[in-house]
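Below: the structure, in structure tokens.
The values are calculated or read from the model by the stated rules, or taken from the named source; none is laboratory data. What you are looking at is a predicted structure, and each value in this text was computed from that prediction instead of being measured. Please note: Cβ atoms are built from the backbone with ideal geometry, for glycine as well, and neighbour counts cover all protein chains shown. Heads up: the accessible areas ignore ligands, DNA and RNA and are worked out on the full protein's heavy atoms, side chains in. Shrake-Rupley method; radii C 1.70, N 1.55, O 1.52, S 1.80 Å.
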Amino acid sequence: MTKSFPDGFFWGGATAANQFEGAWNIDGRGPSVDDHFTGGTHERAREITIDIKPDLLYPNHDGIDFYHRYEEDIALFAEMGFTMFRMSISWSRIFPNGDDETPNEAGLVFYDRVFDCLRSHNIEPLVTLSHYEMPYHLVEKYNGWASRELIGFFERYCATVFERYQDKVRYWLTFNEINCGTMPFGAMLETGLIQGFEGPATAIETSLQDRYQALHHQFVAAGRVTRLAHERYPQFKIGNMDCFILSYAATCDPADIILNQQAMRQMNWFCSDIQVRGAYPSYAARFFEENGVSLAMEDTDLADIADGKVDFYTFSYYMSNVVSTHELEQTSGNMTRGGKNPYLKATDWGWQIDPEGLRFSLNEIYDRYQIPLMVVENGMGAYDTVEEDGSIHDQYRIDYLRSHVLAMREAVADGVDLIGYTWWGPIDLVSAGTGEMRKRYGFIHVDKHDDGSGTYERRRKDSFFAYQKIIASNGAEGLE
Ligand code: BG6
């Protein structure tokens with residue numbers, strides 16, 4: 001059987017405004033939640049401060065300065081052959097406080113320019129409306145998504161950008177990795193439940209009740225804006241976005257199988273069951289009852305959710321986990337801990353590399369939902385060395401890329417309707433988890449370092465040319 005990707009398959013890269021734009025307080029932008037996080041490391045958590053302290057370093061403030069260099073960066077993406085670029089709009093560039101009545105025109109103009117530039121290179125934008133950030137004022141005043149009032153503020157923001165960019169953007173995602181809101185870490189970035197909190201990010205404590213209530217508000221908000229998009233802009237396609245962390249049962253002990261089924265539901269299926277099918281899943285009632293979660297809802301909430309079914313399903317995929325009722329060696333991973341898998345190698349940050357798991361996940365997701373899928377994040381954070389002549393030989397990244405593209409090709413041959421792939425961080429950017437620059441994902445190196453120094457110069461790594469070859473042949477070549 002000839003294995004290939006469909007014609008018109010989208011190849012590209014994915015970013016988030018707060019991790020690469022910089023220009024955090026320029027042209028009327030208000031501070032976002034990420035602007036209050038200092039840099040950390042794999043071993044030392046990022047600190048959250050209520051005020052911005054002059055003696056501390058906040059890496060998101062400058063990012064990699066895409067704000068002033070977007071033309072150069074987009075030209076490099078075009079040189080690699082991108083047909084899609086995933087980016088997010090910084091909510092606080094448009095509504096600096098989040099609850100403002102009118103938008104900030106300078107912020108809107110910036111994205112006009114970026115979208116025009118992408119279009120001039122025939123690159124399709126894929127826009128995340130909320131990628132791990134919100135105006136910090138919404139945290140300070142409302143405790144983020146704990147408050148129902150956020151639904152209205154988010155609707156106003158989405159209505160504004162939908163109207164403004166209706167001729168420039170067709171593909172939209174509502175909340176990045178919405179399912180991370182089920183975990184304490186996500187409650188900091190995804191739902192912003194950190195009102196009055198100061199200290200290491202690992203010390204944040206939130207109850208399940210608060211986390212699921214905040215998520216409920218997001219489901220309603222996502223449902224309402226998806227309905228609005230479908231009613232007013234028939235050319236739009238709206239997707240969800242989940243952080244898919246496949247887990248395996250460590251043994252065939254039936255207790256492990258049940259535990260893994262529950263882990264898969266809570267981590268991977270709960271949010272997308274709601275956003276794809278338009279209703280809370282049948283297993284939610286028992287989970288809520290046994291965990292003391294009681295959601296406050298208004299009469300129209302379930303109808304809003306039902307009306308907001310997505311057109312396509314998207315997810316990030318970096319690693320897999322192992323769960324067991326038996327004792328297991330642990331490893332740290334993508335915002336969560338899990339069991340070590342003896343059959344897999346891990347990155348320097350402990351993320352277990354599992355391309356076969358991507359094929360498996362794609363099949364599982366497609367079997368369940370039967371709508372088009374996109375892998376909108378996949379990548380490898382690694383230390384890179386710049387040689388004296390300026391070259392960067394990142395064979396480890398090329399191996400990771402090739403093995404995951406091969407796995408996707410197998411999934412397509414299995415019958416999965418996969419329509420796009422955007423590598424995470426095609427250009428080095430600030431890590432969301434640790435705030436580091438040295439945890440590099442890019443095909444393009446950026447001369448920026450953890451102490452804030454650097455010239456911001458861009459350099460092509462070996463992986464730049466490897467991805468270029470894969471894209472040029474629509475995934476037929478460059479995989480060996
Ligand atoms: C995803 C996020 O979870 O993982 C991105 O959507 C993030 O924002 C990416 O950057 C990689 O994680 P990290 O912590 O290595 O930056």
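When the range 10-472 is described by a simple charge dipole with +1 on each Lys and Arg Cβ and -1 on each Asp and Glu Cβ, the residue from V323, T182, P54 located farthest towards its positive end is V323. Using C-alpha pairs under 8 Å with a sequence gap of at least 6, the mean separation divided by the residue count of the range 144-216 gives a relative contact order of 40 percent. In the complete set of protein chains, residue-level accessible area for S282 is approximately 110 Å², probe 1.4 angstrom.
Using only side-chain charges placed at the Cβ, +1 for Lys and Arg and -1 for Asp and Glu, the dipole size of the range 142-230 relative to its Cα centre rounds to 400 debye. Given +1 at the Cβ of Lys and Arg, -1 at the Cβ of Asp and Glu and no other charges, the dipole of the range 203-300 around its Cα centre is 500 debye to the nearest 20.
Take the alpha-carbon centre of the range 1-47, take the same for the range 279-313, and report the distance between them in whole Å. So the separation of the two Cα centres works out to 29 Å. Each 5 Å bin from 0 upward holds the following percent of the Cα-Cα pairs of the range 141-199: 4, 16, 21, 21, 17, 12, 7, 2, 0. From largest to smallest, the equivalent ellipsoid semi-axes obtained for the chain from the alpha-carbon gyration tensor read 29, 28, 24 Å. Applying 0.36 nm per residue to the separation of T2 and M297 and subtracting their alpha-carbon distance, the gain on full extension is 101.1 nm. Dimensions of the range 241-384 based on its C-alpha atoms, expressed as ranges along the principal axes with the largest first, amount to 50, 34, 27 Å. Ordered from highest to lowest accessible area with the whole protein assembly present and a 1.4 Å probe, L362, L295 read as L295, L362. Longest stretch of the chain clear of exposed loop sites (chymotrypsin sites (Phe, Trp or Tyr not before Pro), DSSP loop, at most 16 other Cβ atoms within 10 Å, sites excluded): 1-282. The residues of the chain have, on average, 37 Å² of accessible surface per residue, using a 1.4 Å probe with all protein chains present. Backbone geometry of the range 312-321 corresponds, through the Karplus equation with coefficients 6.51, -1.76 and 1.60 at θ = phi - 60°, to 3J(HN,Hα) couplings of 8, 10, 10, 7, 9, 9, 10, 6, 10, 10 Hz, x marking Gly and Pro.
The dipole here belongs to the chain: it is taken about the Cα centre, uses +1 on the Cβ of Lys and Arg and -1 on the Cβ of Asp and Glu, and is about 800 debye.
Rolling a 1.4 angstrom probe over the chain with all protein chains present gives an accessible area of which 49% lies on carbon and sulfur atoms.
Amide H contacts under 5 Å for S130: N176, restricted to partners 5 or more places along the chain or on a different chain, H placed in the peptide plane at 1.01 Å from N.
Based on Cα atoms of the range 175-234, Rg over Rh with Rh as the Kirkwood radius reads 1.11. As a length-normalised measure over Cα pairs under 8 Å and 6 or more apart, the relative contact order of the chain settles at 18 percent. Note down the Stokes-Einstein diffusion coefficient of the range 232-302 in µm²/s, whole number, using a Kirkwood radius over alpha carbon pairs, 25 °C, and 0.890 mPa s. Roughly 168 µm²/s, to the nearest whole number. Each of G144, Q468, N341 was placed along the dipole of the range 10-472 (beta-carbon charges, centred on the mean Cα), and the one lying farthest toward the positive end is Q468. The accessible-area ordering, largest first, of the residues K340, K448 stands as K340, K448, per a 1.4 angstrom probe. Put simply, the amide H of S32, placed in the peptide plane, has neighbours under 5 Å in Y136, leaving out anything fewer than 5 places away on its chain.
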